[in-house]
1. Of the conditions (1) surrounded by 23 or more Cβ atoms within 10 Å (Cβ to Cβ); (2) away from chain B (no Cβ under 14 Å); (3) at pLDDT 90 or above; (4) in a loop (DSSP other than H, G, I, E, B), A:Cys437 fails just one. Which one is it?
2. For segment A:491-579, list the helices (runs of 4 or more DSSP H) that sit wholly inside it and hold at least 1 residues that are among the hydrophobic types (A, V, I, L, M, F, W, C) and more than 24 Å from B:Asn101 (Cβ to Cβ); which are they?
3. When residues of segment A:192-226 are filtered for being assigned to a helix (DSSP H, G or I) and more than 23 Å from B:Lys22 (Cβ to Cβ), how many remain?
4. Name the residues in segment A:542-561 that are surrounded by 15 or more Cβ atoms within 10 Å (Cβ to Cβ) and of a type in the set (A, V, I, L, M), would you?
5. Only one of A:Lys238, A:Lys249 is free of Cβ contacts under 8 Å to residues at least 12 places away in the same chain, over 25 Å from A:Ala183 (Cα atoms) and in the same structural domain as A:Ile275 (by TED's automatic domain parsing). Can you tell me which?
6. Yes or no: A:Ile401 modelled with pLDDT of 95 or more and assigned to a helix (DSSP H, G or I)?
7. If I go through segment A:459-500 residue by residue, how many of them are of a type in the set (Ser, Thr, Tyr) and buried (at least 23 other Cβ atoms within 10 Å of the Cβ)?
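The values are calculated or read from the model by the stated rules, or taken from the named source; none is laboratory data. What you are looking at is a predicted structure, and each value in this text was computed from that prediction instead of being measured. Methodologically, a virtual Cβ is constructed for each residue, glycine included, from the backbone with ideal geometry; neighbour enumeration extends over all protein chains shown.
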Amino acid sequence: MEKPIIFIKDTSLTGDSSREIQTQLLKVAREKGIEDLQVIRVADLGIYDKGVALKICSLDIIYVNVKLSDAEKIIQTTIKEGTPIEDLLLENQAMQTRIVLRNCGIVDPESIDDYISRSGYASVGKCLFDMTPETVIEEMKKSGLRGRGGAGFPTWMKWNLARGSFGDEKYVICNADEGDPGAYMDRSVLEGDPHSVIEGMIIAGYAIGASKGFAYIRAEYPLAIERVQKAIDQAYEKGLLGKDILGSKFSFDLEIRLGAGAFVCGEETALIASIEGKRGTPKPRPPYPSDRGLWDKPTIINNVETLANIAVIFQKGAEWFATIGTDKSKGTKVFAVTGKVKNSGLVEIAMGTPLRDIVFQISGGCFVPENKMIAVQTGGPSGGVIPEKNFDTPVSYEHLIELGSIMGSGGMIVMDEDDCLVDISKFYLKFCVDESCGKCAPCRIGGYQMLAILEKITAGKGTLEDITSIKRIAQGMQKASLCALGQTAPNPVMSTLRYFESEYLDHIEKKKCRAGKCTKLLKFTIVPEKCKKCRLCVTNCPVNAISGDREKGYTIDQEKCIKCGRCFDVCKFEAIARA
Amino acid sequence: MCSTSTTTSPEISTLVEKWRGKKGSLIMVLHELQNHYGYVPRDVSLQLSQQLDIPLARIYEVITFYNYFKLDPPGKYTIAICLGTACYLKGAPDLVDEVKNLLDIGEGQTSKDGLFHLDVVRCLGCCGLAPVLSVNGQIYGKVKRSEVMGILSKYKKED
């Protein structure tokens, strides 16, 4: 029998009693003569708010709400006799399906041997010796894997196009320039399981006939860069990279190229320009990179998450992979769920899981329990919002597009009633305006003008015509921009207009912001009944807008007030009203 | 601060040799220079231009395009405030305002005493701790506006 291993993690929000239970388990095991039991405290099991959780690796089951007194029973029944204890079993265990994150937190990311011991690089061997490049692509086609970077282009098709193009040299690029605000899936994979990405790249190289690969990593991720570099060095030592890999006559070199903080470089042609050492400005397509890419040679660019899927497909078979997910969206997707949820974190779910399960079951619902959720935002600055009434929609490429959003790279921001959707749209649009490379006019000028209109609306100076103007500008940008950045920049605005037009109208007609985020629409006043005349607001006001004395009380001069909200923050008696 | 000497320093020569002949290496060379100096000084760019036989304008074209490269020396302490979506929702813009007020600097500027440099960044990757600010890599999570002064004065005292 293999060595029994238990992973343990205290998933409650307060305190950590995993250490006591770990000690108890080990103690009981020793008493019962099990010497080789390992109990490992881990950082994450993908379960939240369920007390102390144990993963029994030999049986692949999870126990939750484990108490100190359960240790005896667990060792006796489960470890010794190998039967699960029904009372402790986690219900809905299949909530998360970990394929991409299969090794994260489990293998040592700095050890190639550890990765190999978990069937790592077995798929490279299988592809190089048992399969031809054509059958590799055929297998990818059967798996139905689609690009995880955002657009969802079928991966096999990309490979097949590059395979069919003529070139004395071809390139494989891993796009690890994760720039979406609020998304960090790629970072976790690179830091937690760098070899899986390298393995994916070698297979991709073999399939298209490339002998050179580049990992384009964001400079802001120093740990990821370090780990990938170490992984590359180790792979060279083992003969998994370089000339004549494993004696198969196939050669593949891999090196790191760093990004330098330009969001537009996530776009294929801009990324290629950046690797060539130039400004990251996009080029018109066609020619597509699969035809003329890096240094005009056929090139494929795959996202980190896409590449991390590939080794598993060849290990467990395309048929197995195709059983996970929906009709047209196969496999899993990793989301970085952040914003107003109890448990922010990475979540990997099978495609087709309803949004509601992600938000409420896996992430624990709203951060402030009495607040109402209003929407989630997916796809970052290129995506859109999905209102609460559509939370039962299954997550897949098609369904999200239908709702006016996109899958995107995996950011998922949950918003509650304290958030203003006009303000959020402005935030995303400002991001795109800042990051626009400036090459084409629709994106450069359109974005700027649209932002000016949103500024006007949130300052309470909007008119109804502004909404028409926004729609016209959006259409222009969508149709005429050179790359996806400009084409999708209006999405957050358009989708909030689609579902929450009333909020825009409130800002324009009633000069009111429901959430109180648009500070220029606010009015601060002092409530005399609550005021204790402590003068804290007076001393803190940066523009001396508060005057009065202890006898008559204090008032805020609305002419002078710059609505910074500092008086509201410092008042200890809730005597400042914000409306 | 920048001398205008055109003699090539040995570091630059070794660096150039390391990357010579590799295609598209300019950005990688600039990364190494910035790691070494903390920014890309003009005279270093000039030397690089002579060594690699690339026009200075080409080098500046790249430096100014990418946010990551700096042309001015950074302050002793770099304050990075995250304006990723999660931090934005949880009040990071207030932190930016507070730092601007306290130090009388704008985004990307260094305070007059050369002590603090304010950067507004996209995501520090700790969305669970939002809003987040970091000083020279030290992360401060769930920061309130009223706490900013305390954090800064800690570094002022240390100096």
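1. For A:Cys437, the failing item is (2).
2. A:491-505
3. Result for segment A:192-226: 9.
4. A:Ala545, A:Ile546, A:Ile556
5. From the options A:Lys238, A:Lys249, the qualifying one is A:Lys249.
6. no
7. Here the count works out to 4.
Let's see how each residue does on (1) touching a helix residue (DSSP H, G or I) at 6+ places or on another chain (Cβ under 7 Å); (2) without any contact (Cβ under 8 Å) to a residue 60 or more places away in the chain:
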| residue | (1), (2) |
| --- | --- |
| A:Ser405 | yes, no |
| A:Gly410 | yes, no |
| A:Ser425 | yes, no |
| A:Cys440 | yes, yes |
| A:Ile445 | no, yes |
| A:Ile457 | yes, yes |
| A:Gly460 | yes, no |
| A:Gly476 | yes, yes |
